[in-house]
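Nothing in this text is a laboratory measurement; each read-out follows from the coordinates by a stated rule. Values in this document were obtained by computation on a predicted structure and should not be read as measured data. Ideal geometry is used to build each Cβ from the backbone, glycine not excepted, and the neighbour counts take in all protein chains shown.
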Amino acid sequence: MEKGAFKGKHFLALEDFTPEELRYLLDLALKLKAEKKQRVDQRRNIGQNMLMLFEMESTRTRCSFETSAQDLGMGTTYLSNSHFGTKETIKDSMRVFSAMYDVIAYRGMDHAQLQEMARESTIPIINGYTMHEHPTQMLADFMTLDEVYGREGYKGKTFVYIGRGGACCAFSYAVACAMFGMNFKFITSYMTLDEAVSRLSPEEQKLFYQEVPKGTPVAGWSGAMPDDQKKFIRELYAKYNPQCTFTETEDVNEVKGADVVSTENWGFFTNKAITWLPGIVKYKKYQVNRELMAKTENPNAIFLHMLPATHNADHSAARKLVDSVDDPELKKFLEKGFEVTDEVFEDNAAYIFREAENRQHTIKAVTYAVLGDDVEG
Ligand code: CP
């Protein structure tokens, strides 16, 4: 690929690009990381400005955009409570932003809104997470795998994503694996809400139904990837890596053969504690612990986590939940971690925090590329 090929383009989803184009971004990120380690002056974008428009909370993504922009010599604005999307049309806001800035980093729920923003914007927009996809996170994960296995050493290996897939994470990993050439297994629970609630004590069931009246749909309850997403993934595999496999199952034993295991925060930290219990019942057996890692039958299997993680009860949201649980066995289980145990997390901390650091280098690569990486400073 030629330098400057990304200039002016939006970076909204991995599938908008070819595997070769994504590979170019990974190689650029590796180069920028090496430069930073050598304290090379990276201020190639002096005089340019980045708007970070964040409608959801963030630690890594925000810090990565802000430090990347500063390393590149740019100015930044972090905007989290403006008229955008409420008292001003998207079209009008985008006309303002396009006049003042050179690039926009966006985090919000609604991918259709991001696409509308992109249509109205005359400057590139980078997706910092929507409910559709988390593409910059995927670049950081594959950069990490480049470093673990050697450049493209991930090809043909098996990535297992287990537990609560959410609307975005399992799909994002599946798209990335299809494009970069890894087998992908999604292991998740199909347990219904009624079944999960039936496993609570009579008192807990009563308290749950007081908060969530019977029949109320619970957003994000279904573990399975929607059929249209699965069809899309199969088409991507057929197009780019037909030799690789893609499966979804409820069976935790299917973790056998994994080279990389990953999961996501269960995220049951909103509303009253009682509303979290059915989700814990649903995903408990999908916790990544040493027994589960042993089931891979691969002593070299590694664990990645995009963070934030709940690998013990030492943050306030986890503490609140654990303290509200009456069942001593469940309490003991949760003290050791939610989606991943402290043991597995700490065993793999070197990979996990490398993955977090690589958010910065990959986001810098995307920022530099969409601004025109033919500019050398
Ligand atoms: N992984 C990730 O996107 O982290 P933040 O939510 O902290 O940005």
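The distance separating the Cα centre of the stretch 1-63 from that of the stretch 335-377 comes to 13 Å. Between residue 41 and residue 221, what FRET efficiency follows from the Cβ-Cβ distance if R0 is 41 Å, with the result rounded to 0.05? That gives a FRET efficiency of 0.25. Rounded to the nearest 0.05, the FRET efficiency derived from the C-beta distance between residue 27 and residue 243 at R0 = 25 Å is 0.65. Extension gain for residue 56 to residue 285 (0.36 nm times residue separation, less C-alpha to C-alpha distance): 79.5 nm.
Look at 190, 161, 240 and count the other Cβ atoms within 10 Å of each Cβ; fewest to most, that gives 190, 240, 161. Taking only the C-alpha atoms of the chain, the Rg (one decimal) and the largest Cα-Cα distance, Dmax (whole number), read 21.3, 67 Å.
Listed from fewest to most Cβ neighbours within 10 Å, the set 27, 141 follows the order 27, 141. Taking the number of Cβ atoms within 10 Å of each Cβ as an exposure proxy, the fewest-first ranking of 95, 60 is 95, 60. For residue 349 and residue 300, the difference between the fully extended length at 0.36 nm per residue and the C-alpha to C-alpha distance is 16.2 nm. Within the chain, the selection of entire DSSP H helices by a Cα span of 18 Å or greater along the long axis and an average Kyte-Doolittle value of at least 0.0 returns 135-149. Annotation note: GluC sites (Glu not before Pro) in the stretch 204-307 located in DSSP loop regions with a Cβ neighbour count of at most 11 within 10 Å are 297. Within the straight-line cut-off of under 19 Å between alpha carbons, the lysines reachable from residue 91 are 9, sequence neighbours fewer than 8 places apart in one chain being disregarded. Computed about the Cα centre, the dipole magnitude for the chain is approximately 360 debye when only Lys and Arg (+1) and Asp and Glu (-1) carry charge, each at its Cβ. Taking 0.36 nm per residue of separation and subtracting the Cα-Cα distance, full extension of the segment from residue 82 to residue 194 would add 36.3 nm.
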